[in-house]
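Following: one structure in structure tokens, then a few remarks.
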Amino acid sequence: MTTPPPGPLPFPDSLCHRCAAPPRYVQSRTSTFIMCPLLPQKYPPQPVRLCAMFRPKEPAPSR
Ligand code: SF4
């Protein structure tokens with residue numbers, strides 16, 4: 001399940017937002033963290049600009 005971002009995206013230029021992993025958005029009282037389901041360390045240093053595990057998110061089916 002994709003977790004919808006709860007507010008303004010942190011690091012809008014991060015590759016994670018466009019990744020099919022899909023990343024999860026974990027919100028604390030003051031910030032939103034991007035949690036990667038694939039990487040062992042879960043929270044890669046942001047913004048992620050290059051990632052060997054990146055796969056582009058499929059565009060939503062249109063009809
Ligand atoms: S696989 Fe890479 S690009 Fe995708 S969510 Fe994880 S860290 Fe971000």
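Check whether at least one residue in the stretch 8-26 is modelled with pLDDT under 90, within 13 Å of the ligand (Cβ to nearest atom) and surrounded by fewer than 16 Cβ atoms within 10 Å (Cβ to Cβ), and report yes or no. Yes; the residues of the stretch 8-26 include at least one that is modelled with pLDDT under 90, within 13 Å of the ligand (Cβ to nearest atom) and surrounded by fewer than 16 Cβ atoms within 10 Å (Cβ to Cβ).
Restricted to the stretch 27-60, and to residues there that are exposed (fewer than 10 other Cβ atoms within 10 Å of the Cβ) and of a type in the set (A, V, I, L, M, F, W, C), the residue that is modelled with the lowest pLDDT is Ala60. Scanning the stretch 19-41 for residues that are under 18 Å from Leu9 (Cβ atoms) and outside any strand (DSSP E or B) returns Ala20, Ala21, Pro22, Pro23, Ser28, Arg29, Thr30, Ser31, Cys36, Pro37.
The values are calculated or read from the model by the stated rules, or taken from the named source; none is laboratory data. Quick caveat: nothing in here was measured; it's all calculated off a predicted structure. Note: ideal-geometry Cβ built from the backbone for every residue, glycine included; neighbour counts use all protein chains shown.
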